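Presented below is the structure to which this report refers.
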Amino acid sequence: MGNLLEGKTILVMGVANKRSIAWGCAQQMLDQGANLVFTYQNERLKKSLGKLIDDENSLVECDVASDASIEAAFTTVKERFGQVDGLVHAIAFAPKEALEGDIMDVNRDAYAMAQDISAYSLIAVSKYAAELELLKNPASIVTLSYFGSERAIPNYNMMGVAKASLEASVRYLARDMAKFGVRVNAVSAGAIKTLAVTGIKGHSDLLNMSEERTVDGHSVTQLEVGGACAFLMSDLATGVVGDTIYVDKGVHLI
């Protein structure tokens with residue numbers, strides 16, 4: 001047990017704290033034998049991540065809103081660890097005012113920011129990973145989405161639009177990254193109380209609504225989502241390409 005990812009090195013982008021879904025992914029990948037490298041956006045998040053990660057050498061600064069920062073971060077990762085076998089993209093952001101009320105109230109700047117950080121960043125990191133030959137052949141990229149990409153979830157608003165863009169980006173990237181031996185997929189996670197979710201107005205109602213619609217009446221956990229991520233990073237998933245896999249205990253069925 002615990003050797004699906006033995007010998008693999010995986011870059012994880014987007015762990016904010018121990019409640020992050022990305023941390024659940026990290027835990028499951030560690031349990032399967034992976035070596036992990038983490039990125040952080042700024043010193044505040046580095047401090048938070050440092051509470052979870054003992055080895056500071058495995059922490060690399062990266063702001064996905066900056067191409068120069070992505071390039072520098074990936075260059076550093078390659079210099080320290082060589083090529084990596086996978087990349088987990090768990091990054092999303094929308095201004096708070098874009099996560100309440102009506103979608104018509106979202107202004108151009110908020111729309112552009114949400115799309116840039118939550119969707120375009122996946123294209124950007126894939127581009128630089130390919131250009132810098134950071135990823136091995138074969139390798140896997142996994143990003144995180146949510147059912148709000150398909151349904152009009154109350155107050156999810158701009159993030160739902162951005163997640164729809166993200167899932168479309170997965171399909172196009174899966175086509176174009178294939179020539180590098182890289183498969184790209186998304187995991188659509190059920191609602192979990194994370195730092196990101198608490199930024200949504202009425203997030204308690206969202207969490208309750210999701211739990212009520214699961215097939216067993218219990219919310220999905222970080223580790224359950226993380227298990228799917230670990231699978232997609234493994235050699236067992238080489239035939240899974242360009243898909244969005246639901247890990248929400250059936251909420252999307254209803």
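The values are calculated or read from the model by the stated rules, or taken from the named source; none is laboratory data. What you are looking at is a predicted structure, and each value in this text was computed from that prediction instead of being measured. No Cβ is skipped: glycine too gets one built from the backbone with ideal geometry, and neighbour counts run over all protein chains shown. In case anyone asks, the SASA skips ligands and DNA or RNA and just uses the protein heavy atoms, side chains included. Shrake-Rupley method; radii C 1.70, N 1.55, O 1.52, S 1.80 Å.
Here the helices (runs of 4 or more DSSP H) wholly within the stretch 143-246 that include at least 1 residues being crowded, with 19+ Cβ neighbours inside 10 Å, under 14 Å from the mean Cα position of the chain (by Cα) and not polar (S, T, N, Q) are 157-177, 222-233.
Residues that are β-branched (Val, Ile, Thr) and modelled with pLDDT under 95 were ranked within the stretch 167-199; the one that is farthest from Ala139 (Cα to Cα) is Thr198. Can we say Leu122 is of a type outside the set (Gly, Ala, Ser) and modelled with pLDDT under 95? No, not satisfied.
Among the residues of the stretch 44-57, those that are surrounded by 10 or more Cβ atoms within 10 Å (Cβ to Cβ) and either over 17 Å from Phe81 (Cα atoms) or in contact with an Asp or Glu (Cβ under 8 Å, 6 or more places away or on another chain) (or both) comprise Arg44, Leu45, Lys46, Lys47, Ser48, Leu49, Gly50, Leu52. Of the residues making up the stretch 1-35, those that are within 17 Å of Thr143 (Cβ to Cβ) and open to solvent by 20 Å² or more (accessible area, probe 1.4 Å) are Gly14, Ala16, Ile21, Trp23, Gln28.
All of Asp109, Asp85 fail the test of being charged (D, E, K, R), surrounded by fewer than 24 Cβ atoms within 10 Å (Cβ to Cβ) and assigned to a helix (DSSP H, G or I), apart from Asp109. Only residues that are among the small types (Gly, Ala, Ser), farther than 30 Å from Thr75 by Cα and out of contact with any Phe, Trp or Tyr (no Cβ under 8 Å at 6 or more places or on another chain) were counted in the stretch 97-149, giving 3.
Can you name every residue in the stretch 71-121 that is of a type in the set (A, V, I, L, M, F, W, C), farther than 27 Å from Lys136 by Cβ and out of contact with any helix residue (DSSP H, G or I) (no Cβ under 9 Å at 6 or more places or on another chain)? Passing the criteria: Met104, Ala112.
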